[in-house]
Amino acid sequence: MLRLPTALALSIAQLGDPAILRVLAKSLAITLALFALLGGVMLVGLYRYLLSLDAAFSVELSALAAVVLTVIAGWLLFRIIALFVLQFFADEVVLAVEARHYPHAFGTARKVGLGEEFRGSAGALLRAVLVNLAALPFAILLLATGIGTAILFWAVNAWLLGRELQDMVWLRHRAAEDEGQPLGAATRFALGGIVAALLLVPFANLLAPVLGAASATHLVHRNRPVHA
C-alpha cells in the first residue's frame, strides 16, 4: 500500500516519454471516436423512443430528456470504453515502464497474442457491464442520500479497475494461470479507487487509464520477490 504514492509519482514523471505519448494519442483518439459514435446512436435512439410516446413527451422535452440521459449514460460508460480500448495498447505502456525501470522484467516477459488480448478486453468489458448493472438497483435506492449513488459506483469500479490494471501487467509475467496475485486486495482497491476518481475529473479522465496501467506496472514489479 505504501508503494502506491511512489508508483503514481513515477508514472506521472514518465508521461512525457515518447512511447507513453504514442499510446496516449492512439487510445485517446479511439476512445473519443467510440464515445462520440455510441453517444450519437444513443442520443438519436432515445430521442426517437421518447418522441414515440406521443402525449408523454413533446419534441422539445424529448430532445432535452434524450440529452440528459445520454450525458448520464456517457458518464457511467466512459470508464468502460476507455479501459476496453487501453487493453489493446496496455503492452506498450507496460513495456515503456519496464524498459526504463525494470530491464530484467522487460527481457523475460512473454508476448501476449492478439486473441488473448481480445479475450481479456471482452472479459473485462462484460464483467464491468454486469457488475455495474447489478449495482444499479442499489444505486437508485441511494439517490435519496445525495451522495450514496456516487460512492457506490466509485467503490464498484475501484474493485473492478484494480483487478483489471493488475492483470494487464501480470498476464505477461505469470508462470501459470493459477499463480497467486502479486498485489493484495487493499492495494488493488486503492489503485482502482484513485483511477476511478480520476475518471470522474474532466481532462484528468483522459490520462487516467494510462496512469493506471503505468502505476500497476510499478506495483506489480515492486511486489514481486525480486523486489521484496
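FYI, it's all coordinate maths here, none of it is from the lab. Note that the coordinates shown come from a computational prediction; the quantities given were computed from them, not determined experimentally. Positions of Cβ are backbone-derived with ideal geometry, glycine not excepted, and every protein chain shown enters the neighbour counts.
Looking at region 124-184, the GluC sites (Glu not before Pro) that sit in a DSSP loop and have at most 14 other Cβ atoms within 10 Å of their own Cβ are E177, E179. Note on region 144-222: Cα convex hull, mean projected area over all directions, 5.8 nm². The reciprocal of the average 1/r between distinct C-alpha atoms defines the Kirkwood hydrodynamic radius, which for region 81-228 equals 16.0 Å.
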